[in-house]
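Data first, discussion second: the structure below is written as C-alpha cells.
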Amino acid sequence: YAFLDDGPKVRLYVDLPGIQDACVAGSSGGDDEAAPAKVDLEWSESSMCLLVTNYPKAGEERCLSFGRLYGEIEKGVVKTKKERLVVTLVKKEKKVEPKEEGGDGGEESNNAAGDDESQQKEPEYEEWPAIAAKD
C-alpha cells in the first residue's frame, strides 16, 4: 500500500490485482464456490480497518488496519478500481480560535492588511507525516 497526504484528505492505494473483477464474480449466479469478493471499510475518528473477503480465493480474508492514526478523521470511504482499492480519509478540520481585534496599537495596527488576508484563508488541516500511523 501507499499513502498520499493531499491537504484535507489522505489517500491509501492498496494494489490488489483483479480486485474489481473479483468483486463482480459470482454475482451473475452459477457456481456457489465462486463467491464474489467483498470490500468493507470500518473507521472511527482515530482508526481504520480495511477488510477484503473472498480474495484471492473464496474463504480467504485480507486486512489492513491502523489502530491509531496520526490525526483524527471525520469520514472514510473506499473505491474499487480495476487493480487497486483507493481508501480516502477526510481529516477533521482544526478548530482555530478567532483572533481578537484591537489591542494596544503596537505591531498589530501596522499589520492590519495582513490580518484581513489571514481571515480569508481556507480552513487549516493538520499536516500528517508521510506515514499516517503511530506505534
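No value in this document is a laboratory result; all are computed from the given coordinates. No experiment lies behind these values; they were computed from the predicted model shown.
For region 87-93, 3J(HN,Hα) computed residue by residue from phi via the Karplus equation (6.51, -1.76, 1.60; θ = phi - 60°) reads 9, 10, 10, 8, 5, 6, 5 Hz, glycine and proline entered as x. The H on the amide N of ILE73, modeled in the peptide plane, is under 5 Å from the matching H of SER46, LYS92, each at least 5 residues off or on a different chain. One chain, two ends: SER44 and LYS82. Fully extended at 0.36 nm per residue, the span grows by 11.0 nm beyond their Cα-Cα distance.
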